[in-house]
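Take a look at the following structure, please.
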């Protein structure tokens, strides 16, 4: 993967990025909402960005490739990540995980949680590469955690 062609859009609550919002709205409506494993925006609107600690979109040649966020909910910081179906298995998940964890460290976050379908073994393998470990299970959803 040629990382020199990657563009990263960042959004912080105190420094909103209108371009990121437009890209994310398009990404949600045209791909993410149809994904069986990424359900974050099924029950939330784009206004959820206002609650995120940071939101990232990774683009290549003006095409949305991936999305990640850190969100504070129920006394925990949660990570959400999505990679476009056409770009999976090409290393973009690792790039985005590295970037979002770097942002968490800048924000002095000590612990990050995430939820993943236990059937989503590719995602679980990715999270384990970034030191996420099993925390608990709720129905068919694994809750994983890492300490920074």
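Given 60, 100, which one is surrounded by 17 or more Cβ atoms within 10 Å (Cβ to Cβ) and at pLDDT below 95?
On inspection, the qualifying residue turns out to be 60.
In the range 29-57, what count of residues is obtained for those that are in a helix (DSSP H, G or I) and modelled with pLDDT of 70 or more?
Residues meeting the conditions: 6.
Of the conditions (1) surrounded by 12 or more Cβ atoms within 10 Å (Cβ to Cβ); (2) in a helix (DSSP H, G or I), residue 105 satisfies every one except a single condition; which number is it?
Of everything listed in (1) surrounded by 12 or more Cβ atoms within 10 Å (Cβ to Cβ); (2) in a helix (DSSP H, G or I), residue 105 misses just condition (1).
Restricting attention to the range 108-122, which residues are outside any strand (DSSP E or B), out of contact with any helix residue (DSSP H, G or I) (no Cβ under 8 Å at 6 or more places or on another chain) and without any contact (Cβ under 8 Å) to a residue 40 or more places away in the chain?
Within the range 108-122, the subset outside any strand (DSSP E or B) is 108-110, 118-122.
Subsequent filtering for residues that are out of contact with any helix residue (DSSP H, G or I) (no Cβ under 8 Å at 6 or more places or on another chain) retains 108-110, 119-122.
Those that are outside any strand (DSSP E or B), out of contact with any helix residue (DSSP H, G or I) (no Cβ under 8 Å at 6 or more places or on another chain) and without any contact (Cβ under 8 Å) to a residue 40 or more places away in the chain: 108, 110, 119, 121, 122.
Then there is this: Residues in the range 123-145: is at least one outside any helix (DSSP H, G or I), surrounded by 12 or more Cβ atoms within 10 Å (Cβ to Cβ) and in contact (Cβ under 8 Å) with a residue 40 or more places away in the chain?
Within the range 123-145, none of the residues are outside any helix (DSSP H, G or I), surrounded by 12 or more Cβ atoms within 10 Å (Cβ to Cβ) and in contact (Cβ under 8 Å) with a residue 40 or more places away in the chain.
The values are calculated or read from the model by the stated rules, or taken from the named source; none is laboratory data. If you're wondering where the values come from, they're calculated on a predicted model, not measured in any experiment. Every residue, glycine as well, gets a Cβ built from its backbone with ideal geometry; the counts of neighbours run over all protein chains shown.
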